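Written below as structure tokens is the structure these notes are about.
The values are calculated or read from the model by the stated rules, or taken from the named source; none is laboratory data. Treat the numbers as computed from the prediction; the structure is a model and nothing was measured. Neighbour counts are summed over all protein chains in view; Cβ atoms, including those assigned to glycine, are modelled from backbone coordinates with ideal geometry.
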Amino acid sequence: MKLTYQIFTMCIFLLFLPITNAATIQGTIYDWTTLDTVPNTILTINSNPPQTLVSKDGTYSFELSKGKYIISAIHYTNNQPDAAINETITITDDGIFTMDLILFPESNFDEDIKDIINDTDFDIIYPYNDKTNINIYIYATIIAILILIYTYRKTLRGAIKSRHATKKIIIETTKNKELPNELKQIISILKKNSGRMTQKQIRKEFPFSEAKVSLMITELEELGIIKRIKTGRTNVIIFCK
């Protein structure tokens, strides 16, 4: 009963574990004129709470939930901004996505470029959700393993009980069967002596050889009627009431 409760509790716990609901936005930052990677760029995103990242190698990665965000990337030279970009993204599902950023020089921020910066909108819709699917498979596998363990334990326990019950039935049936007179005499003698005698004492009560008496005792022992305990060189015979 205790094992059943533990497995049930574990399954419920696993079912309610939160599956990661986040998208990973990653990419590389490039220069507009040369398309070279731009290191040492500061990126910010208006998430809640806001995130800021200093990209030393010209790459970035953000974890974001569903929603609409603006990613800003600014490169500084002598503490003055010399290139920047704003990108608006809309996240509608989870997954891992790549969005490279191209920095425009400040000197080239004419109206057209400003319009591109302000109006660019990337919609991320229904990608293959790699991470979430893996989590679901893991949870399902764990639950399946727990169910198999529970089923195996239950089946094994039932088999053991059945075996014990069968053995008990066989013993009870044998006890109720008509025993040979010699075996009945051994039982009668044991009962008269408080159910406990040595094998030598029983031997003296019969005109049989020691081997014959030993075989008779063995037969009663196999039927579960008596129990033989060896103490040194003597066998003590106990009647099982």
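Summary table below
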read-out	value
Test for Ile91: is it modelled with pLDDT under 85, under 35 Å from the mean Cα position of the chain (by Cα) and of a type in the set (A, V, I, L, M, F, W, C)	no
Positions within segment 48-96 being among the basic types (Lys, Arg) and either surrounded by 16 or more Cβ atoms within 10 Å (Cβ to Cβ) or within 22 Å of Trp32 (Cβ to Cβ) (or both), in sequence order	Lys56
Any hit, segment 67-79, residues being assigned to a loop (DSSP other than H, G, I, E, B) and within 19 Å of Thr24 (Cβ to Cβ)	no
Residue in segment 125-134 that is assigned to a strand (DSSP E or B) and either modelled with pLDDT under 85 or closer than 20 Å to Thr34 by Cβ (or both) present	no
Residue in segment 15-23 that is in a strand (DSSP E or B) and at pLDDT 90 or above present	no
